Ligand code: SAH
């Protein structure tokens, strides 16, 4: 008798949570744990020390930005395929590039290479306005869906050749390029505010590139060589 009652209570609870959306929205504890581990073991132990960046990395559900097939590996220390021959960057590289941008809450940032939309979500946790450009239309549409599901309202996406930036919303306080050109696109330099920062991998295809931090100071550009990196190439339309 007691068992029967218990059964009814359990079923009723499950039904109620399905209807209230809890069961559909709650993430599996294994993802929560994997994300925590990622922050502790891959970011804090390296040179990621900006608490705001660490918080964002600890909050955004990276597994929601890769296909189900790869979700178990979403928090591992390497990049993952996202289709169309493209990849979502290794968590450490996302954190490092974000930290270098030194975003303030009221700034405007441009990303070139939306890919999965994950980096855009991290940026959206840190600043008011995020603009992101992706050359492959299908990826832009998929990213838009993932970002909508996560209820981001401060990200604008468009499908175009990001070499030209996004003039309509320029100038930007910060620009992050997540595909590697062979030289720094002039339009991006023009669309950077005075005092603005740009993080960009530059170098030949299929080999190591150099990650640069650029700071615009009046008419001058300051270059800081950060590290060797490996990115997919910035393709042209
Ligand atoms: N930031 C992404 C990963 C980027 S992978 C993420 O968080 O998932 C690099 C992306 O740059 C790819 O999706 C690729 O299609 C895109 N890309 C390459 N050349 C481009 C260009 N000229 N303009 C805009 N996007 C480009």
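The values are calculated or read from the model by the stated rules, or taken from the named source; none is laboratory data. Just so it is clear, the structure is predicted and the values come from calculations on it, not from any experiment. In this analysis, Cβ positions are derived from the backbone assuming ideal geometry, glycine residues included, and neighbour counts consider all displayed protein chains.
In table form, for the structure just shown:
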item: Enumeration of residues in region 102-116 that are assigned to a loop (DSSP other than H, G, I, E, B) and near the ligand (Cβ under 10 Å from one of its atoms); result: 113, 114, 115, 116
item: Where a residue in region 70-87 is farther than 15 Å from residue 179 by Cα and its partner, wherever it lies, is more than 10 Å from the ligand (Cβ to nearest atom) and part of a helix (DSSP H, G or I), with Cβ under 6 Å and at least six apart; result: 71/63; 74/63; 75/34; 75/35; 75/38; 77/42
item: Yes/no for residue 43 being assigned to a helix (DSSP H, G or I), out of contact with any helix residue (DSSP H, G or I) (no Cβ under 8 Å at 6 or more places or on another chain) and at pLDDT 95 or above; result: no
item: Among the candidates 119, 99, residue that is within 8 Å of the ligand (Cβ to nearest atom), within 23 Å of residue 40 (Cβ to Cβ) and touching a helix residue (DSSP H, G or I) at 6+ places or on another chain (Cβ under 6 Å); result: 119
item: Every residue from region 224-237 that is assigned to a strand (DSSP E or B) and either surrounded by 11 or more Cβ atoms within 10 Å (Cβ to Cβ) or within 11 Å of the ligand (Cβ to nearest atom) (or both); result: 224, 226, 227, 228, 229, 233
item: Any hit, region 51-74, residues being more than 14 Å from the chain's Cα centre (by Cα), surrounded by fewer than 22 Cβ atoms within 10 Å (Cβ to Cβ), more than 16 Å from the ligand (Cβ to nearest atom) and not in a helix (DSSP H, G or I); result: no
item: Failed condition for residue 153, given (1) farther than 19 Å from residue 88 by Cα; (2) touching a residue at least 40 places away in the same chain (Cβ under 8 Å); (3) outside any strand (DSSP E or B); result: (2)
item: Subset tally (residues that are surrounded by fewer than 13 Cβ atoms within 10 Å (Cβ to Cβ) and either modelled with pLDDT of 95 or more or on the phi < 0 side of the Ramachandran plot (or both)) for region 206-222; result: 5
item: Some residue of region 145-155 being surrounded by fewer than 21 Cβ atoms within 10 Å (Cβ to Cβ), touching a strand residue (DSSP E or B) at 6+ places or on another chain (Cβ under 6 Å) and within 17 Å of residue 113 (Cβ to Cβ); result: no
item: Number of the exception - residue 134 against (1) more than 14 Å from the ligand (Cβ to nearest atom); (2) surrounded by 19 or more Cβ atoms within 10 Å (Cβ to Cβ); (3) under 16 Å from the mean Cα position of the chain (by Cα); result: (1)
item: Selection count, region 158-208, where residues are in contact with a helix residue (DSSP H, G or I) (Cβ under 7 Å, 6 or more places away or on another chain), more than 10 Å from the ligand (Cβ to nearest atom), more than 18 Å from residue 230 (Cβ to Cβ) and in a strand (DSSP E or B); result: 4
item: Residue satisfying condition, being at pLDDT 95 or above and closer than 22 Å to residue 146 by Cβ, within set 26, 56; result: 56
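So that you can scan it fast, the table gives a plain yes or no per residue for (1) within 30 Å of residue 26 (Cα to Cα); (2) touching a strand residue (DSSP E or B) at 6+ places or on another chain (Cβ under 7 Å); (3) modelled with pLDDT of 95 or more:
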position	(1), (2), (3)
165	no, yes, yes
179	no, yes, yes
187	no, no, yes
191	no, yes, yes
204	no, no, no
